[in-house]
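Novice: Before we start, here is the structure in question, set down as structure tokens.
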């Protein structure tokens with residue numbers, strides 16, 4: 001009988017060790033399960049994002065034919081350049097140096113552009129002004145604090161001209177100015193600076 005108590009104590013100790021080990025194993029397994037649940041949730045969210053992107057791409061593909069037709073017609077207009085869904089017009093064709101008053105040549109170009117845009121009355125139109133990186137000339141500094149001002153005033157001038165044309169809906173017109181911050185050519189050359197001084201008319205998504 002004297003051996004029974006130590007054996008019971010030993011068995012109890014082993015049992016406690018076994019329980020502790022099982023507890024650690026259960027905690028480790030639970031951590032694995034929690035990690036898999038988190039990963040599964042993350043993958044579901046990514047899948048939803050992918051499905052949303054695919055739906056958006058499908059919507060854009062449905063508009064491609066109409067948009068390409070409009071851009072092809074815009075590309076036929078003399079003195080304009082079409083890049084992606086943007087129609088680019090250099091400022092030298094629209095304005096005199098330092099001015100935001102549209103020239104007669106500029107009005108002719110805008111009239112030709114509008115002859116295409118008016119056939120797509122449900123599309124947004126974004127008008128964006130750009131400049132090169134040269135500082136505003138001293139004689140124009142009272143009128144414009146920076147190239148941002150100049151680019152915005154010129155974009156606004158185009159907006160105000162277009163909104164007076166037949167069938168122009170002001171709700172579809174949006175304007176902005178980026179100054180020198182989105183160059184498309186090298187500002188180290190005069191040719192590059194001339195390309196960067198431009199107004200872009202962007203044919204956007206369909207209106208709701």
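Novice: Name the single residue that is nearest to the chain's Cα centre (by Cα) among those in segment 123-179 being in a loop (DSSP other than H, G, I, E, B) and surrounded by 17 or more Cβ atoms within 10 Å (Cβ to Cβ).
Specialist: Among those residues, the one meeting the criterion is 178.
Novice: A further question on this structure: Taking residue 186, is it more than 19 Å from residue 107 (Cα to Cα), surrounded by fewer than 15 Cβ atoms within 10 Å (Cβ to Cβ) and touching a strand residue (DSSP E or B) at 6+ places or on another chain (Cβ under 7 Å)?
Specialist: no
Novice: Another one. In segment 95-122, what residues are part of a loop (DSSP other than H, G, I, E, B), farther than 18 Å from residue 73 by Cα and out of contact with any helix residue (DSSP H, G or I) (no Cβ under 6 Å at 6 or more places or on another chain)?
Specialist: 96, 97, 99, 101, 103
Novice: Give the residues of segment 98-115 that are crowded, with 19+ Cβ neighbours inside 10 Å and without any contact (Cβ under 8 Å) to a residue 60 or more places away in the chain, sorted by residue number.
Specialist: 100, 102, 106, 109, 110
Novice: Now a separate question. Can you name the condition, by its number, that residue 166 falls short on among (1) under 30 Å from residue 207 (Cα atoms); (2) at pLDDT 90 or above?
Specialist: Evaluating residue 166 over (1) under 30 Å from residue 207 (Cα atoms); (2) at pLDDT 90 or above leaves (2) as the failure.
Novice: Mind checking whether some residue in segment 194-203 is farther than 23 Å from residue 113 by Cβ and surrounded by 15 or more Cβ atoms within 10 Å (Cβ to Cβ)?
Specialist: no
The values are calculated or read from the model by the stated rules, or taken from the named source; none is laboratory data. Bear in mind the structure is a predicted one, so any value in this text is a computation, not a measurement. No Cβ is skipped: glycine too gets one built from the backbone with ideal geometry, and neighbour counts run over all protein chains shown.
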